[in-house]
1. If you average the sequence gap of Cα pairs under 8 Å that are 6 or more apart and divide by the length of the chain, what percent do you get for the contact order?
2. If you rank Phe160, Phe76 by fewest surrounding Cβ atoms within 10 Å, what's the result?
3. What is the extension gain from Ile217 to Ala2, computed as 0.36 nm multiplied by their sequence separation minus the C-alpha to C-alpha distance, in nm to one decimal?
4. Compare the peptides 171-179, 105-113 by average per-residue count of other Cβ atoms within 10 angstrom and give them in order, highest first.
5. The chain: longest stretch without exposed trypsin sites (Lys or Arg not before Pro) (DSSP loop, at most 10 other Cβ within 10 Å), sites themselves excluded?
6. How many times 2.2 N^0.38 Å is the alpha carbon radius of gyration of region 36-78?
7. Report the convex hull volume per residue for region 1-107, counting only C-alpha atoms, in Å³.
8. If you add up the charges near Ala29, with Lys and Arg at +1 and Asp and Glu at -1, over every other residue whose beta carbon is less than 10 angstrom from its beta carbon, what do you get?
Amino acid sequence: MATVAVLGGTGALGFGLVLRFAAAGYQVAIGSRDADRAKAAAERATELVPEAWVHGMSYADAAADATRLVVLTVPFASQAETLKAVSGSLREGMVVLDTTVPLAPAVGGRPTQLVGVWQGSAAQQAAALVPAGVRVVSALHTISAAALTDLGHEVDEDTFLAGAAEAKKVVADHLQVVPGLRAIDAGPLEASRLTESITPLLIGLNMRYKTHTGVRITGLEAIA
Ligand SMILES: NC(=O)c1ccc[n+]([C@@H]2O[C@H](COP(=O)([O-])OP(=O)(O)OC[C@H]3O[C@@H](n4cnc5c(N)ncnc54)[C@H](OP(=O)(O)O)[C@@H]3O)[C@@H](O)[C@H]2O)c1
């Protein structure tokens with residue numbers, strides 16, 4: 001079975017993805033700034049999914065272990081340094097799934113405010129940092145870590161994929177393992193500036209209505 005690298009798999013969203021991929025039979029390499037922290041996360045994952053093949057290591061080793069897909073789940077402030085750390089491990093034909101939402105904290109509060117990115121979006125910034133021949137696809141900006149981590153939970157949401165067609169197919173094929181999650185083709189990577197901006201809208205709705213909101217697009221039932 002293929003190996004998926006999850007850079008930041010020690011954190012909220014990344015760990016949820018680690019569990020989903022591991023439960024589906026993928027081998028998972030968790031990448032961290034601290035290999036011991038990654039090993040501890042791998043042990044937690046193995047307790048939750050006993051048959052899993054999950055190992056923890058440095059960012060660079062995890063990216064090198066990936067068969068084709070490297071998932072990036074770190075805060076926006078660390079996106080560039082993380083991609084620079086794995087640059088030597090990324091090979092031609094690999095796909096980086098970038099989940100980054102470029103958020104900054106409101107004064108004294110949680111990260112809820114979208115910040116401007118020179119390249120147009122966090123995903124386009126990522127594309128500027130990966131070696132030639134490596135494709136970036138952005139997705140999962142509105143899927144909550146809690147929904148992914150609860151393996152008994154059917155996600156019942158859509159996620160927008162932005163990037164090159166062949167790379168989006170690689171990502172969509174991997175995301176099929178999450179029950180209820182539907183991958184929608186949002187167009188080229190430039191569309192990420194739109195898809196990344198939906199997250200602060202949902203965060204605001206969640207705070208006002210004290211619930212968890214997600215996205216479902218109507219009129220696309222045929223692709224379900
Ligand atoms: N949480 C969600 O529900 C959610 C939903 C959609 C998208 N996202 C996006 O996914 C990415 C990760 O979100 P998250 O909530 O999972 O983040 P998180 O738990 O705060 O951090 C994820 C991992 O990033 C690594 N990291 C690298 N530099 C860091 C730094 N300076 N400070 C803290 N952690 C750092 C840490 O791993 P090591 O310490 O092991 O290196 C950490 O475990 C973000 O870009 C976010 O916008 C999150």
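FYI, it's all coordinate maths here, none of it is from the lab. All values derive from a computational prediction rather than experimental measurement. Note: ideal-geometry Cβ built from the backbone for every residue, glycine included; neighbour counts use all protein chains shown.
1. For the chain, the relative contact order is 17 percent.
2. Fewest-to-most Cβ neighbours within 10 Å comes out as Phe76, Phe160.
3. My answer for the length gained is 74.3 nm.
4. Highest to lowest by the protection proxy: 171-179, 105-113.
5. 1-209
6. Dividing the Cα Rg of region 36-78 by 2.2 N^0.38 Å gives 1.26.
7. 95 Å³
8. Charge balance near Ala29 sits at -2.
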